[in-house]
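Beneath this line is the structure, given in structure tokens, with notes to follow.
The values are calculated or read from the model by the stated rules, or taken from the named source; none is laboratory data. Given the structure is predicted, the values throughout are model-derived calculations rather than measurements. With ligands, DNA and RNA removed, areas are computed over all heavy atoms of the protein, side chains included. Shrake-Rupley method; radii C 1.70, N 1.55, O 1.52, S 1.80 Å.
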Amino acid sequence: LQDRHGRTIDYLRLSVTDRCNLRCRYCMPEEGVPSIAHGQVLSYEELLRVAAAAVRLGVRKLRVTGGEPLVRRGLAGFVRQLSALPGQPEIVLTTNGLLLAEHAAELRAAGLSRVNVSLDTLRAERFEAITRRPGLERVLAGLEAAERNGLVPVKLNMVPLRRVNEDEIVDFARLTLNRSWEVRFIEYMPVSGGLDYPPESRLSADAIVAELARLGPLEPVPRTGAAGPARLFRYGGAPGRLGVIPAVSSHFCGECNRLRVTADGRLRPCLFSDEEIDLKPVLRAGRDGRPLEELLLAAVGAKPEAHRIGADDFRPGGRRMQGIGG
Ligand code: SAM
Ligand code: SF4
């Protein structure tokens, strides 16, 4: 699958729900958001047909996301079906980790390769301030369970924010000194207006790298295959790695290799654009095969060369991250 800008598209992110058991201030308003009506959410069977079509076209990696994917019942069964698709795509999961300790073993048995756990602080009170819910201990238990069950390498995603948790960048980096985790720092993305942190809260990738260098000299890690947009480093002799993801600043879009499907069945060519292609009419008419593939091809064809954040006419979109899947 090649787009008009010469990029190979081999990665599909599937959002299985827009619901969540946290209310992270940069992602959701306190009162939550009106949930998509039950009948509008794609069934696992429908999501599987979309995934199968994408894999036929050349997609090699499927990420299950949300909302919080582990709040949807039967997720391990869905993972099992995905991993049984012809072509054996790699199946990975992004989760806030709250329910991971309970589900890690069955997810592994179902064919999940590994997990990305989102965690922005290692301090219990701050966790509650950022996510508006308690739960740090459960997330830490989830990380341990992931490792114990072979969902490795464990990847930890942190969004550093000025005056919120920037003082913990080094604490997170230190985790790589004695664990073979990949700790990834992701630039805050002002994707939807009205959330708690203003755009100036964003720490640029360069500022994050400068902060990481305070702990010791950073060795660049050569990228293997589709590393996506992360810049990778390690400290000399450390088992773990560091990733810095310049989601907003320059070098991100040229590496873009992905499409997204929202829980209500819209294909998104670009995270930062509200252009969407509705899969539901085709799915619900019971059509499959070529019609579905054509919609995927149309989404690939519609991928813009780059996002427009920072441009004078850029306006945050209508969906929040929880409605897109990150
Ligand atoms: N609930 C799951 C989780 O938190 O991992 C999966 C969905 S969540 C929307 C996916 C990722 O998006 C998380 O790592 C979260 O930190 C990130 N995210 C949400 N809003 C963001 C924002 N405004 N800027 C940067 N990352 C954001
Ligand atoms: Fe939920 Fe993930 Fe958004 Fe936090 S970032 S509110 S855990 S969807």
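Some notes on this structure:
- Rounded tilt (10° steps) of 44-57 against the dominant C-alpha axis of the chain: 90
- Taking only protein heavy atoms and a 1.4 Å probe, the accessible area of region 63-182 is 48% carbon and sulfur.
- For region 1-146, the Cα-based Rg and Dmax, in that order, read 16.2, 47 Å.
- Tilt relative to the chain, helix 290-301 - C-alpha long axis, 0 to 90 degrees, to 10: 40
- A rounded overall shape is assigned to the chain, the ratio a/c of its alpha-carbon gyration tensor axes (a ≥ b ≥ c) being less than 1.5.
- Angle between the chain longest axis and helix 136-148 axis [Cα atoms, degrees, rounded to 10]: 70
- Accessible area expressed per residue, region 67-145, with surrounding protein chains retained (probe 1.4 Å, Å²): 41
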